[in-house]
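Notes to accompany the following structure.
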Amino acid sequence: MPVSLTRDDGIAVITIDNPPVNAASHAVRQGLADAIAAIAEDKTLRGVILACAGKTFVAGADIREFGKPPVPPSLRDVIAALEALTIPVVAAIHGTALGGGFELALGCHYRVMDRNAFVGLPEVTLGIIPGAGGTQRLPRLIGMAPSIDMITSGRRVPAKEALELGIADNVAEHDLLAEARAFIATKPAVRRLCDLLSIAAGFTDAHKQISQKARGQASPLRALDVLEETAGMDFAQGMAREAEVFAELRNSDQARALRYIFFAEREIAKIPEAEARPVPVAQPGIIGGGLMGTGIAAAALLAGLSVILVERDRPSADLARDRVLGLLRASVERGKLAQSDFDRIAAGGLRTTAAMADLSTADLVIEAAFEDLGVKQAIFRDLDSIAKPEAILATNTSYLDVGAIADVTSRPKQVIGLHFFSPAHIMKLLEVVVPPNAAPETVATGFALARKLGKIAVRAGVCDGFIGNRILSAYRKQAEYLMEDGAAPAEIDAAFRGFGLPMGVFEMQDMAGLDIVWANRKALSPRRDPRERYVRIVDLICERGRFGRKTGSGYYNYAGKSPVPDEETLAIIAEERRRNGVTARGFTSDEIMDRILLAMINEGARILDEGIALRPGDIDVVMVNGYGFPRWRGGPMFIADEIGVKEILRRIEILAREDAWFWRPSALLIRLAEAGGKFAK
Ligand code: 3H9
């Protein structure tokens, strides 16, 4: 039974036990309804505690039930019955009380939280709004402005802040249930949030700020609308309005996409090496104190690991140390790191050195040197002779053949790729790149380290660019073709933003540095197929020493307050069109994004077919978490299934009449289209 009821010394304890996260499934709701009915009849009771077994309080409604017709009793009815009890009801919260779980706790008359617990209403991140009274009870408890913040952002609030906001009535330092009992012993009056009034406040500017952040996602604005419409309204009317909007959003395209990506982010941990035992990593070594090396060092230090970072000489090591401490100081300012932890790191947690031999004690070494195969192979030869025999050696390459790096060592089974995204201490994505000879323990160690660093790790096979950069390289090419054929970089970037990405492909390259793209193009040129259409524009821009933001110009000019299209670049584009006999034509934003998406999907299909990615969802997780693909659209492979693989193939075949090489359809796409299949299956 997922819900049990015990009675002791006049106190009833309802315990929910529905692993893994105590989701409020149908069986839980029914169990709660039965327990509440039994309590209502028992006149000997003085109070009720609602608690959970396992690692967390109720983490929400059961998301897996969302696609199905609702089965009574509803969570709202269960909460109403709980709230109506005539003896004080206290929620004892540990872990995370989220969504319907937090709404359940708001139906209780009081809340005692474990010091490490969190509460939150993350519904908007699933494309819906709270549907069991969250939009009505929270403003009545803490006021409108903090409710707008919590409900439209979905952020989790820690116990200490919950106490300050008035969400928690007490924070338990040690024994949560004992504290909840002690709270009831103070004989608190029954206090029902449904009896209070809500007051309109804090709506000025909220709409503008939230819509800017939402970038096309509907749920945060719909949540705000409901809060605004129902402020000051009678509780029952407010609940009715909340229910209407909840029902409307529950089966919306955005909610389906967001649920899909939620589960895809959990599937990624299911790898063939999941049962292998990871090597414990207490002190990673890092080679290279540039942008990536220092970011990775900061990520490890923020996760509580100590780090030893190697640079080529003492001055470079000192500079790297300053950089890492600079990143951590910014984390202190953002409230992500305590000052005392910063002091501890500065005093010894971070060691920088110019002696590679100092890596002899590291359990795992991440090389983050210059992106060149020869350079990396030379480092790995040295490292192989220095690192202890059981140490794992990782390379933070973004394109190169990890197998060719592993092969220069005497321990190819212990070599892996860890492709971090910049800035590495902030970006969540990590591609764990598995060369052919890697041992399962090596892969498991990569995943365990990622978990420790709080990263979203996706398993990738070896190929040019792995999952993310390989897809990027395909749609960047397509964007260049669109540019040469008539669309200005600013038009293409605007189409990306209109689709919901934070920036366009050209702005992004200007920011990353065009020299990086240039170097990569040169490295790949010997292998380029002669049938491939090649756009020279970025090479010509780079030849003039214009590398984007850092040199003041690239696709855009950065001399003024905000970037504007760069005249010299526009002239280069015009000249290239003339030289190639291209008559510029116009493209609508939809046409631009259609081609960009088709390029992503076709390359994604190849990646799947070659076994580089394990599942279509893994590709979508990479695109959403590493490349700014709008989460509420699910990802390119999700979109392909929504549109239908057959239709995708039809559109690609039409485009192939213009450029048969670029648009040659993936074999998997053809097979699926013929079989009437889906990527998801
Ligand atoms: C809601 O409540 C709507 C209400 O307002 C209205 C109702 C009328 N349902 O993340 P993990 C599974 S909307 C079903 O790896 P962690 C998950 O798929 C909901 N399943 O663990 C995984 O399964 P598997 C609002 C769920 O410790 C397993 O549990 N709530 C749910 O890293 C472990 O998950 C949320 O949005 C669920 N609600 O993190 C909270 N939650 O092992 C969503 C998880 O088969 N959940 N599973 O792959 C979370 O944020 C995290 O799971 C949590 C634990 C922080 C709780």
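The values are calculated or read from the model by the stated rules, or taken from the named source; none is laboratory data. Since the model is a prediction, treat every value here as computed from it, not as a measurement. All Cβ positions, even for glycine, are placed from backbone atoms using ideal geometry, and neighbour counts span all protein chains on display.
Look at region 83-108 and say how many of its residues are surrounded by fewer than 24 Cβ atoms within 10 Å (Cβ to Cβ), of a type outside the set (Gly, Ala, Ser) and more than 7 Å from the ligand (Cβ to nearest atom). Walk me through it before giving the result.
Looking only at region 83-108, we keep the residues that are surrounded by fewer than 24 Cβ atoms within 10 Å (Cβ to Cβ), and these are 83-88, 94-96.
Adding the requirement that they be of a type outside the set (Gly, Ala, Ser) leaves 83, 85-88, 94, 96.
With more than 7 Å from the ligand (Cβ to nearest atom) added as a condition, the list becomes 83, 85-88, 94.
Matching residues across region 83-108 total 6.
Condition check: in contact with a strand residue (DSSP E or B) (Cβ under 8 Å, 6 or more places away or on another chain) and crowded, with 19+ Cβ neighbours inside 10 Å. Does Leu176 satisfy that? Spell out how you get there, then give the answer.
Numbers: in contact with a strand residue (DSSP E or B) (Cβ under 8 Å, 6 or more places away or on another chain): yes; crowded, with 19+ Cβ neighbours inside 10 Å: yes.
Answer is yes for this residue.
Could you list, in sequence order, all residues of region 384-395 that are surrounded by fewer than 23 Cβ atoms within 10 Å (Cβ to Cβ), in contact (Cβ under 8 Å) with a residue 24 or more places away in the chain and not in a loop (DSSP other than H, G, I, E, B)?
Asp384, Ile386 - these are the residues of region 384-395 that are surrounded by fewer than 23 Cβ atoms within 10 Å (Cβ to Cβ), in contact (Cβ under 8 Å) with a residue 24 or more places away in the chain and not in a loop (DSSP other than H, G, I, E, B).
Spot the failing condition for Ile129; the list is (1) within 26 Å of Gly202 (Cα to Cα); (2) more than 29 Å from the chain's Cα centre (by Cα), and only one is missed.
Ile129 satisfies every listed condition except (2).
Given the conditions (1) of a type in the set (A, V, I, L, M, F, W, C); (2) surrounded by fewer than 20 Cβ atoms within 10 Å (Cβ to Cβ); (3) out of contact with any Ser or Thr (no Cβ under 9 Å at 6 or more places or on another chain); (4) under 30 Å from Asn437 (Cα atoms), which single one is not true for Val279?
Result: Val279 fails condition (3) only.
Kindly check whether there is at least one residue in region 64-80 that is in contact with a Ser or Thr (Cβ under 7 Å, 6 or more places away or on another chain) and within 16 Å of the ligand (Cβ to nearest atom). Please lay out each step first, then the result.
Initial filter on region 64-80 (in contact with a Ser or Thr (Cβ under 7 Å, 6 or more places away or on another chain)): 65.
With the extra rule that they be within 16 Å of the ligand (Cβ to nearest atom), the set shrinks to 65.
The answer is yes, given that some residue of region 64-80 is in contact with a Ser or Thr (Cβ under 7 Å, 6 or more places away or on another chain) and within 16 Å of the ligand (Cβ to nearest atom).
Failed condition for Gly60, given (1) within 17 Å of Leu193 (Cα to Cα); (2) near the ligand (Cβ under 10 Å from one of its atoms), with all others met?
Against the list (1) within 17 Å of Leu193 (Cα to Cα); (2) near the ligand (Cβ under 10 Å from one of its atoms), Gly60 comes up short only on (1).
Quick check on this structure: which one of Ser385, Ser473 is small (Gly, Ala, Ser) and modelled with pLDDT under 95?
Details: Ser385 fails: modelled with pLDDT under 95.
After applying the criteria, what remains is Ser473.
Test each condition in (1) among the aromatic types (Phe, Trp, Tyr); (2) in contact with a strand residue (DSSP E or B) (Cβ under 7 Å, 6 or more places away or on another chain); (3) under 20 Å from Asp618 (Cα atoms) for Tyr399 and report the one that comes out false.
For Tyr399, the exception is condition (2).
Just checking, which of Arg111, Arg115 is surrounded by fewer than 20 Cβ atoms within 10 Å (Cβ to Cβ), at pLDDT 95 or above, more than 15 Å from the ligand (Cβ to nearest atom) and not small (Gly, Ala, Ser)? Before you say what the answer is, go through the steps one by one.
Values: Arg111 fails: surrounded by fewer than 20 Cβ atoms within 10 Å (Cβ to Cβ).
Going through Arg111, Arg115 in turn, the sole match is Arg115.
Conditions tested, residue by residue: (1) surrounded by fewer than 20 Cβ atoms within 10 Å (Cβ to Cβ); (2) in contact with a Cys (Cβ under 8 Å, 6 or more places away or on another chain); (3) part of a loop (DSSP other than H, G, I, E, B); (4) at negative phi.
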position	(1), (2), (3), (4)
Glu123	no, no, no, yes
Pro130	no, no, yes, yes
Arg137	no, yes, no, yes
Thr152	no, no, no, yes
Ala168	no, no, yes, yes
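I'd like to verify a number: residues in region 1-42 that are among the polar types (S, T, N, Q) and either within 13 Å of the ligand (Cβ to nearest atom) or closer than 17 Å to Leu98 by Cβ (or both), how many?
Of the residues in region 1-42, the ones among the polar types (S, T, N, Q) are 4, 6, 15, 18, 22, 25, 30.
Add one more test, that the residue is either within 13 Å of the ligand (Cβ to nearest atom) or closer than 17 Å to Leu98 by Cβ (or both), and what stays is 18, 22, 25.
Adding up the residues that qualify gives 3.
List pairs: first in region 197-213 and under 16 Å from Met233 (Cα atoms) and modelled with pLDDT of 90 or more, second of a type outside the set (Phe, Trp, Tyr) and surrounded by 13 or more Cβ atoms within 10 Å (Cβ to Cβ), Cβ under 7 Å, 6+ apart or cross-chain?
none
For region 118-153, give me each residue that is hydroxyl-bearing (Ser, Thr, Tyr), over 29 Å from Glu179 (Cα atoms) and within 11 Å of the ligand (Cβ to nearest atom).
Correct list: Thr125 only.
I'd like to check which strands (runs of 3 or more DSSP E) are fully inside region 1-93 and have at least 2 residues that are under 20 Å from Gly134 (Cα atoms). Full working, then the answer.
Working: elements: 3-8, 11-16, 47-52, 89-93.
Hits in region 1-93: 47-52, 89-93.
Kindly indicate which of Thr230, Thr294 is among the hydroxyl-bearing types (Ser, Thr, Tyr) and under 26 Å from the mean Cα position of the chain (by Cα). Quick ask: steps written out before the conclusion?
Values: Thr230 fails: under 26 Å from the mean Cα position of the chain (by Cα).
Of the residues listed, the single one that is among the hydroxyl-bearing types (Ser, Thr, Tyr) and under 26 Å from the mean Cα position of the chain (by Cα) is Thr294.
Go through region 556-646 and tell me which helices (runs of 4 or more DSSP H), entirely inside it, have 3 or more residues that are touching a Lys or Arg at 6+ places or on another chain (Cβ under 8 Å).
Numbers: elements: 567-579, 589-609, 616-626, 636-643.
Answer list for region 556-646: 567-579, 589-609, 616-626.
Among the residues of region 537-566, write down those that are of a type in the set (Asp, Glu) and touching a strand residue (DSSP E or B) at 6+ places or on another chain (Cβ under 7 Å). Working first, answer last.
Of the residues in region 537-566, the ones of a type in the set (Asp, Glu) are 539, 543, 566.
Within region 537-566, Asp566 is the sole residue that qualifies.
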